[in-house]
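Below is one structure; the comments refer to it alone.
Please treat every number below as a calculation from the coordinates, not as lab data. Values in this document were obtained by computation on a predicted structure and should not be read as measured data. Ideal geometry is used to build each Cβ from the backbone, glycine not excepted, and the neighbour counts take in all protein chains shown.
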Amino acid sequence: MLFLYCNIEMIGVYRTSSEGAEIIYNLLVNEGYSVEWISQETVEQGQLSVYDLVVFPGAHEHVFAFLSSGKFRRMLRRYILNGGKYVGVCGGAAVGVWAVKGFSLFEGLKFLKAYLYFLVVGRISFLVVWNTDNMFGKVGLQEMAWAGGPPIELDGFKVEALFAESKPFVPYKDKPAIASGKHGDGCLVLFSPHPEYREDTLNLILRALNG
């Protein structure tokens, strides 16, 4: 298991405009974790090191910070390489991908295409299919909310679940929906869909932290 034996006590949640950010924050507080909101300033000032794990939810604020600030990029990568643990959802997953493999125009266009589609059609549902021996102990098909997240494709990362269908203009079938892996001394769990928007998938956030 990715985070097994890691003592997770202090968690930072990046404050974004996504309603999912509040859901994740409240879930962690209710589970007894010490949780604080973090921001672009937190990252750029090198303060991520005080957190055992950081969660970057959906929305665009951290995406713009990553793309516009070299210091943000450097400090986030340093945190992960030095053993930080990162859980990313949707836009936060895109930031996690870029932190590992670096930003490219191709990766940016993939995210932009998905985000524009979301702006037009709104939140929708995708079916994902769980891969054998996934870290969540899930099997078969499961419906999850989606709001613009890109496929999570990283060399050396374990694919936990695949998209089981495509939508118009987003041909995601058989592409990675959820992935986990290591980068340097750090660990990442990345969700293209949003586990926090449905009661039957909300606990995946906790499993990602403690898996």
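Of the beta bridges DSSP finds with both residues in the chain, what % are antiparallel, to the nearest 5?
Details: 21 of 37 bridges.
Percentage antiparallel, nearest 5: 55.
Tabulate in residue order the Karplus-calculated ³J(HN,Hα) for region 89-95, using 6.51 cos²θ - 1.76 cosθ + 1.60 with θ = phi - 60°, rounded to whole Hz; enter x for Gly and Pro.
10, 6, x, x, 5, 4, 4
Build a GNM of the chain with springs between Cα atoms under 10 Å: which of Asn131, Asn82, Asn30 gets the top mean-square fluctuation?
Asn30
What shape does the chain take by its C-alpha gyration tensor, where a ≥ b ≥ c are the square roots of the eigenvalues and a/c under 1.5 counts as rounded, a/b above b/c as prolate, and the rest as oblate? List each step's numbers first, then the result.
Working: a/c = 1.42, a/b = 1.18, b/c = 1.20.
It is rounded, given that a/c, with a ≥ b ≥ c, falls under 1.5.
Return a whole-number percent for the relative contact order of region 10-210, with Cα pairs under 8 Å and 6 or more residues apart as the contact set. All intermediate terms of the calculation are to be shown ahead of the outcome.
Numbers: 431 pairs, mean separation 41.2, N = 201.
Relative contact order comes out at 20 percent.
Take the residue pairs Lys113/Lys158; Lys71/Lys175; Lys71/Lys167; Lys71/Lys138 and return only those whose Cα atoms are more than 27 Å apart. The partial results should precede the final answer.
Details: Lys113/Lys158 25 Å; Lys71/Lys175 32 Å; Lys71/Lys167 37 Å; Lys71/Lys138 38 Å.
Check vs 27 Å cut-off fails for Lys71/Lys175; Lys71/Lys167; Lys71/Lys138.
I'd like to know which of Gly137, Tyr33, Gly122 lies farthest towards the positive end of the charge dipole of region 1-158, counting +1 on Cβ of Lys and Arg and -1 on Cβ of Asp and Glu.
Gly122
With only Lys, Arg, Asp and Glu charged, each at its Cβ (+1 for the first two, -1 for the last two), find how big the charge dipole of the chain is about the Cα centre; round to the nearest 20 debye. Don't skip to the end; give the middle numbers.
Values: 19 positive and 21 negative charges, 134 e Å.
Value, rounded to 20: 640 debye.
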